[in-house]
Amino acid sequence: MSVIDKPSSGTAMDKASPGKPPGTRFRLSFPYFLIVPVIAIVIWETASRLELLPAMLFPSVGTIVTTALDTLTGWWGTADWYSGVWYVHALASAKRVIIGYFLGGVSGIVIGTIAGMFGLFHKMLDPSLQLLRPIPIVAWIPLAIAWFGIEDQPAIFLIALGTFFPTYINARHGIRYVDPVLIRAARMLGYATSWELFTRVVFWSALPNIFTGLRIGLGIAWMCVVTAEMLAVKSGFGYMLWDSFNFLRADLIITGMISIAVVGYATDRLMLLLQHAVMKWER
Amino acid sequence: MTNKLYGVDLHRTFVSESGGATHAIDNVTISIGAHEFVSLLGPSGCGKTTLLNLFAGFDHPTAGHVYLDGKEISAPGPDRGVVFQEHALFPWLRVEDNVGAGKRLQARPAQERREIVSRQLAMVGLEKFARHYPHQLSGGMKQRVSIARALANEPEVLLMDEPFAALDAMTRSQLQSELIRIWSETRKTIVFVTHNIEEAVLLSDRIAVMTARPGRIREIIEVDLPKPRDPNSPNFNAIERRVREILWEGVSSDLH
Ligand SMILES: Nc1ncnc2c1ncn2[C@@H]1O[C@H](COP(=O)(O)OP(=O)(O)O)[C@@H](O)[C@H]1O
Ligand SMILES: [Mg+2]
């Protein structure tokens, strides 16, 4: 065999630049996202000034903003018994969400992973779970109250249940449908046991699905906490909504709704940050 | 030459759910020497991948036996590195971690592993891309990483399944010359699947020309030309022509 000249391996064509792709993140652009809210506020304010409904049921934007800020600060007292106590209700809801979400999310991931890894387990368990899944979470409320009484436990139970299904289904799917060629790659590299293949390949390739399930679950968790608090609990945003309805205070109802939106959005962003931090390989 | 890989009386039949049988490999016997570069050449569907998977240990023969160094192959192992057509890199690992992912490497001290990884990356010309993720690389670069990953785990045999088939002509010919260089530097035994005649003649010491349905080896051709080879030389063209004739014979006899 002849000795072969070493061709210059750093040549042309199929090599991209080793530099980072130019960042597009911090580019300033027109804040298009503001257009819709501004229009909505203008329409709302116009409708409110036409006084088609009593101001109590259809308050002006100014009233809503004042009430909302008052629940936070207690400066004006316009929110009456909700003046300055926003945090109390935020914490009450958040506590239930955190505990219920943790329980439902962890069990969803664990059981989904086991069902994804072991066909027999999947065959045993999945049909029953699929039968329970169409039952709306609200339909569990009577049983939840009957079993756990009122206050935190029934709410936590509902949140855990609501979180469980999407995390279970997505985790199971991600684990089950891992690309077989990646499994082969790991096997040819010397990994043989199920545990090795799980930690080297299956878990990582299922992560995007696991996070999808976690994010869907988070939305459902907020839905569940509000529902539970409307019926079974005497604190939290859900309670605030229902209580304000009983006193026909639309400004407080809307404050409660905005609060749920803001907190729900913030926690979803947090989850997204966590996802980006864990899944560094995805842009 | 000592036998590195040996497959004897190999059959692999796939039975579909409706009961139909495909004889993907039918009565194949092949021996591959240490340090030899052998191509499996044939039209799509003639059982090349099936045969390679038997060597890799991903699949088992319906009848017959496969051996590595006289020991029967029953499962995949780090002694046989595989390069897949679809690169099969781990998207969540940086290039350097993909190359260092092999179990043998992971068992070594970190410093040693880093050295081996950078040596392998240098061999495929990708030192500068060590910190990149696979999705940031072009197809040709991914395939280079894939080769580096297989080699870094120090296999004795490299099994390659149409590794360059999805690449453009330019990149493909670049990688072909790099593979010739790597082969002569490392002296690995290489089994290379392709459906491209020129590629087979360019790279191989011997070419196993296969025919489809049932999948058989029609003839094994020695390519007794020094490497690197000139695809425009008369000797090269003569061998190409011979391979093509054998392939065509296979196809036309299929038609009868
Ligand atoms: N897992 C499988 N199940 C059923 N048939 C298969 C399977 N793998 C391959 N075959 C069949 O075996 C034959 C050979 O396939 P393959 O080895 O992939 O061919 P090649 O790699 O030469 O294109 C084809 O007819 C293919 O359809
Ligand atoms: Mg194939």
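Once Rh for the protein assembly as shown is found with the Kirkwood sum over Cα pairs, what is the Stokes-Einstein diffusion coefficient at 37 °C and 0.692 mPa s, in µm²/s?
Details: Rh = 28.2 Å.
In µm²/s, the coefficient rounds to 117.
Test of understanding: extend the Cα→C-beta vector of B:ASP9 to 7 Å, then name every residue of region B:201-226 with backbone N under 18 Å from that spot.
Under 18 Å, as judged by backbone N against the label point of B:ASP9, lie B:216-217 of region B:201-226.
Semi-axes of the equivalent ellipsoid of region A:71-126: what are they in whole Å, largest first, if each equals the square root of 5 times a C-alpha gyration tensor eigenvalue? Show your work: numbers first, answer last.
Numbers: eigenvalues 413, 12, 7 Å².
They are 45, 8, 6 Å, listed largest first.
At 7 Å along the Cα-to-beta-carbon direction for both B:ASN232 and A:ILE135, put a label point, then send me their distance in nm to one decimal.
According to this spin-label approximation, the distance is 7.8 nm.
Return one quarter of the surface area of the convex hull spanned by the alpha-carbon atoms of chain B, equal to its mean projected area, in nm². Intermediate values should be presented prior to the final figure.
Values: hull surface 59.6 nm².
Average of the hull's projected areas for chain B equals 14.9 nm².
Under the rule of at least 5 residues apart or a separate chain, name every residue whose amide H is placed under 5 Å from the amide H of B:LEU137.
Counting only residues 5 or more places away or on other chains, the set is empty.
Given 0.36 nm per residue, what is the gain on full extension from A:LEU274 to A:TYR177 after removing their alpha carbon distance, in nm?
Working: separation 97, 0.36 × 97 = 34.92 nm, distance 2.36 nm.
Contour length minus Cα-Cα distance gives 32.6 nm.
Rounded to the nearest 0.05, what FRET efficiency do B:GLU17 and B:ALA107 give with R0 = 30 Å and r taken as the Cβ-Cβ distance? Could you check? Provide the component values of the computation, followed by the final result.
Values: r = 42 Å, r/R0 = 1.40.
Taking R0 as 30 Å, the efficiency between B:GLU17 and B:ALA107 is 0.10.
Could you tell me how many degrees, from 0 to 90 and to the nearest 10, lie between the Cα long axis of helix B:169-186 and the main elongation axis, the longest principal axis, of the Cα atoms of chain B?
Approximately 80 degrees, to the nearest ten.
About the Cα centre of chain B, how large is the charge dipole given +1 on each Lys and Arg Cβ and -1 on each Asp and Glu Cβ? Please answer in debye to the nearest 20. Write out the running numbers ahead of the final one.
Working: 30 positive and 32 negative charges, 148 e Å.
In total the dipole reaches around 720 debye.
Taking the Cβ-Cβ separation of A:LYS123 and A:PHE203 as r and a Förster radius of 25 Å, what is the calculated FRET efficiency to the nearest 0.05?
E between A:LYS123 and A:PHE203, to the nearest 0.05, is 0.65.
If you fit an axis through the alpha-carbon atoms of helix A:119-132 and take the longest principal axis of the Cα set of chain A, what angle between them do you get, 0 to 90°, nearest 10?
Around 20 degrees separate the two axes.
Given H placed on each backbone N at 1.01 Å, which residues far from B:HIS35 in sequence or on other chains put an amide H within less than 5 Å of it?
B:THR189
Using a 10 Å cut-off around each Cβ of peptide A:189-198, what is the average number of partner chain Cβ atoms that fall inside?
The shielding value for this peptide is 4.
Starting from the Cα coordinates of region A:87-282, work out the convex hull volume and express it per residue in Å³.
Details: hull volume 23.7 nm³, N = 196.
So the per-residue hull volume is 121 Å³.
Note down, for region B:89-154, the three equivalent ellipsoid semi-axes (square root of 5 times each alpha carbon gyration tensor eigenvalue), biggest first, whole angstrom. Don't skip to the end; give the middle numbers.
Working: eigenvalues 63, 26, 20 Å².
Computed over region B:89-154, the values are 18, 11, 10 Å.
Using only Cα atoms and rounding to the nearest 10 degrees, what angle (0 to 90) does helix A:203-231 make with the longest principal axis of chain A?
For A:203-231 against chain A, the angle is about 10 degrees.
Roughly how many debye, to the nearest 20, is the charge dipole of the protein assembly as shown about its Cα centre, given +1 on each Lys and Arg Cβ, -1 on each Asp and Glu Cβ, and no other charges?
Here the size comes out at about 760 debye.
Would you mind computing, in nm to one decimal, how far apart the modelled labels at B:ARG114 and A:ALA47 are, each placed 7 Å from Cα along Cα→Cβ?
With each label point 7 Å from Cα toward Cβ, the separation is 6.4 nm.
Within region A:92-110, what residues put their amide N at less than 16 Å from the label point 7 Å along the Cα-to-Cβ vector of A:TRP147?
A:100-101, A:103-105, A:107-108
Just need the relative contact order of region B:5-75 here, percent rounded to a whole number, with Cα pairs under 8 Å and 6+ apart. Intermediate results must be reported in sequence, preceding the final value.
Working: 115 pairs, mean separation 28.0, N = 71.
Computed over region B:5-75, the figure is 39 percent.
Given a Förster radius of 35 Å and the C-beta distance between A:SER60 and B:HIS135 as r, what FRET efficiency does 1/(1 + (r/R0)^6) yield to the nearest 0.05? If you can, show how the numbers build up before the last one.
Details: r = 51 Å, r/R0 = 1.47.
After rounding, the FRET efficiency stands at 0.10.
Within a Cβ distance under 15 Å of A:ASN246, other residues only, what is the Lys/Arg minus Asp/Glu net charge? Before the final figure, lay out the partial values.
Working: positive: A:LYS234, A:ARG249; negative: A:ASP80, A:GLU229, A:ASP243, A:ASP251.
Net of charged neighbours comes to -2.
Note the full-extension length gain between B:ARG241 and B:SER173 as 0.36 nm times their separation in residues minus their Cα-Cα distance, in nm to one decimal.
On the way: separation 68, 0.36 × 68 = 24.48 nm, distance 2.00 nm.
Result: 22.5 nm gained on full extension.
Taking the Cα centre of region B:89-154 as the origin, how large is its charge dipole in debye, to the nearest 20, when only Lys and Arg (+1) and Asp and Glu (-1) carry charge on their Cβ atoms?
Values: 12 positive and 6 negative charges, 14 e Å.
Using Cβ point charges on Lys, Arg, Asp and Glu, region B:89-154 gives about 60 debye.
Amide H of B:MET160: which non-local residues (sequence gap of 5 or more, or other chain) have their own amide H closer than 5 Å, using H built in the peptide plane?
B:VAL83, B:VAL191, B:PHE192, B:VAL193
Given the rule -39500 (n - 2.57) for each run of at least 4 DSSP H residues, summed and divided by the residues of chain B, what is its mean residue ellipticity at 222 nm, to the nearest 500 deg cm²/dmol? Mind showing how you got there, number by number?
Details: 8 runs with 93 residues, N = 256.
Value at 222 nm, helices only, nearest 500: -11000 deg cm²/dmol.
Given points 7 Å out from each Cα along the Cα-Cβ axis, report the A:LEU91 to A:LEU248 separation in nanometres with one decimal.
For A:LEU91 paired with A:LEU248, the spin-label model returns 3.5 nm.
Using only the Cα atoms of region B:12-138, what are the Rg and Dmax in Å?
Rg and Dmax of region B:12-138, Cα atoms, are 18.2, 55 Å.
Students often check this: by mean Cβ neighbours within 10 Å, which of A:104-113, A:145-154, B:224-233 ranks highest, and how do the rest follow? Before the final figure, lay out the partial values.
Working: A:104-113: 21.2, A:145-154: 15.7, B:224-233: 13.2.
The peptides rank, most packed first, as A:104-113, A:145-154, B:224-233.
By the scheme Lys and Arg +1, Asp and Glu -1, what is the net charge of all other residues having a beta-carbon under 15 Å from that of A:THR78? Walk me through the numbers before you get to the answer.
On the way: positive: A:ARG249; negative: A:ASP70, A:ASP80, A:ASP251.
It works out to a net charge of -2.
What is the extension gain from A:MET257 to A:LYS234, computed as 0.36 nm multiplied by their sequence separation minus the C-alpha to C-alpha distance, in nm to one decimal?
Details: separation 23, 0.36 × 23 = 8.28 nm, distance 1.68 nm.
Going from the current span to full extension adds 6.6 nm.
Using the Cβ atoms and a cut-off under 12 Å, what net charge is assigned to the surroundings of B:ASP161, where Lys and Arg are +1 and Asp and Glu are -1?
0
The numbers here are math on the coordinates, done by the rules we state, and not lab data. Source: prediction; values computed, not measured. Because the Cβ atoms are built from the backbone with ideal geometry, glycine has one as well, and the counts that use them run over all protein chains shown.
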